[in-house]
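First comes the structure, then the notes that go with it.
Each reported figure results from applying straightforward, stated rules to the coordinates on display, with no laboratory input. Quick caveat, the model's predicted, so the values are computed rather than measured. Quick reminder, even Gly has a Cβ in these numbers, built from the backbone with ideal geometry, and neighbours come from all protein chains shown.
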Amino acid sequence: MSETVLEVKDLCKYFDVKRAGKGSQKVMAVDGISFEVKKGETFGLVGESGCGKSTLGRTILKIYEPTKGQILFEGNDITNISKKKMLPYRKKLQMIFQDPYASLNPRFTVGEIIEEPMVIHHMYSEEERKKRVQELLEIVGLKPDHIRRYPHEFSGGQRQRIGIARTLALDPDFIVCDEPISALDVSIQAQVINLLEEIQREKQISYLFIAHDLGMVKHISHRIGVMYLGHMVEIGNANDVYKNPLHPYSKALLSAEPIPDPKVAREKKRILLEGEIPSPINPPAGCPFHTRCPYAMEECSTASPASYELEGRKVACFLYSPRYLKQRENLAIEPLLAGR
Ligand code: SF4
């Protein structure tokens, strides 16, 4: 897993909004994000609702045009290319949506739904397409006779399988999975996750996996990125981030993860953050987390921390800057940072 499929550099997506009496303002939904995804890797994205996870996924796929920054797919810069030049990349960059029912055309049969992307991209002869639809149905665990049925005849889990089959029809290299299981029953969620993992093992597809369920993100992801207010505050190996989150926001977010074992849950220390998430319309200066951070220092409200590299991790917090790391043993915050 060494070949980089996707590289995002300092990516920003701002939306203009008109507010009564305030004129036009900018919503800074994604603000200066950099990371890369390797071939066959699942990169999980976590963070509270509204932190910009879905906007980031959609900007990478150019459903939203980026405001600033760069998107490199398989080494090619696709940031500002025309819609026509983007067409070949559309096949390679796909998305699985949260609501399987809303994303399927109710007037089309399952066969037509899965075939449609291949028709749009002029792929295969009609006979080959029909054969491919049957193959895809089999890959996602649906029956051959399902081809003539309509989406409303299926359960939520089956509909998500239809959505996955349609996504796979174009043989993509990279899929943004935007909350693909949150609309499904818990009993079905594991089946869909297992299916995605199986497909990845076979086809070496890379996933950007966005979900609320932290446990599920940990289960499926090789690496994890933690987002706060449009910024990536920590990136690291999934197990490392879960066992020992470094950024103060990651610590608080993961301390709220539900634990099935009541004894462990009772002993776990939960970090309660004070205050609301600031608005992305008027984000705070300096570190975006300084208004809620229990360790905030004077400089946090005026300067933005860089993303510091530490034992394979990237952490955007002054506490991990070379200057602070040298002083850490003498700082009163050390015991706080050591334990979740
Ligand atoms: Fe907290 Fe400052 Fe680190 Fe931001 S930079 S997370 S405010 S300590």
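Once both labels are positioned 7 Å from their Cα atoms along Cα-to-Cβ, the gap between Glu135 and Arg90 label points is 2.3 nm. For the residues Asp145, Asp77, Asp99, a GNM of the chain with alpha-carbon springs under 10 Å puts the largest fluctuation on Asp145.
Sequence gap at least 6, Cα distance under 8 Å: using those rules, report the relative contact order of the chain to the nearest whole percent. Walk me through the intermediate numbers first.
Numbers: 615 pairs, mean separation 64.0, N = 340.
RCO, the chain: 19 percent.
Taking 24 Å as the straight-line reach from the Cα of Lys243, the lysines in range (excluding those fewer than 8 positions away in the same chain) are Lys38, Lys53, Lys218, Lys251, Lys263, Lys268, Lys269, Lys314, Lys326.
Exposure here means at most 11 other Cβ atoms within 10 Å; with GluC sites (Glu not before Pro) in a DSSP loop as sites, the longest stretch of the chain lacking them is 1-273. Using the Stokes-Einstein relation with a Kirkwood hydrodynamic radius computed over Cα pairs, the translational diffusion coefficient of the chain at 10 °C and a viscosity of 1.306 mPa s comes to 74 µm²/s.
Measure nothing but the geometry: give the 0 to 90° angle between the long axis through the Cα atoms of 110-120 and the longest principal axis through the Cα atoms of the chain, rounded to 10°. Roughly 80 degrees, rounded to the nearest 10.
The phi-based Karplus calculation (6.51 cos²θ - 1.76 cosθ + 1.60; θ = phi - 60°) puts the 3J(HN,Hα) values of region 5-16 at 8, 10, 10, 10, 10, 6, 6, 10, 9, 10, 10, 8 Hz, whole numbers, x for Gly and Pro. Per-residue Cβ neighbour counts within 10 Å put Phe108, Phe35 in the sequence Phe108, Phe35, beginning with the fewest.
Considering only region 169-238, what is the antiparallel percent among its DSSP beta bridges, to the nearest 5?
On the way: 6 of 11 bridges.
Here the antiparallel bridges make up roughly 55 percent for region 169-238.
What the Cα convex hull of region 209-324 gives, in volume per residue, is 116 Å³.
Listed from fewest to most Cβ neighbours within 10 Å, the set Val5, Val186 follows the order Val186, Val5.
Nearest-5 percent of antiparallel DSSP beta bridges in the chain? Walk me through the numbers before you get to the answer.
Working: 31 of 48 bridges.
Beta bridges within the chain, antiparallel portion: roughly 65 percent.
In this simple spin-label model, placing a label point 7 Å from the Cα along the Cα-to-Cβ direction at both Glu128 and Gln25 gives a separation of 5.3 nm. For Lys38, nonlocal amide neighbours, meaning residues 5 or more places apart or on other chains whose placed amide H falls under 5 Å from its own, are Val5.
Once the Cβ-Cβ distance between Arg107 and Glu298 is put in as r, and R0 is 56 Å, what FRET efficiency do you end up with, to the nearest 0.05?
Working: r = 61 Å, r/R0 = 1.08.
Efficiency, from the Cβ-Cβ distance: 0.40.
Report, in degrees rounded to the nearest 10, the 0 to 90 angle that the Cα long axis of helix 186-203 makes with the longest principal axis of the chain. Taking the Cα atoms of the chain, the angle to 186-203 is about 80 degrees. Whole-Hz Karplus values for region 158-169 come out as 5, 5, 5, 5, 5, x, 5, 4, 5, 5, 6, 4 Hz, taken residue by residue from phi with 6.51 cos²θ - 1.76 cosθ + 1.60 and θ = phi - 60°; glycine and proline positions read x.
Between helix 126-139 and the chain there is an angle of about 50 degrees, using the helix long axis and the longest principal axis of the Cα atoms.
If the chain linking Gln327 and Glu116 were pulled fully straight, counting 0.36 nm for each residue of separation and taking away their Cα-Cα distance, it would gain 70.0 nm. Straightening the chain between Lys269 and Gln191 buys 24.9 nm, computed as 0.36 nm per residue apart minus the Cα-Cα spacing.
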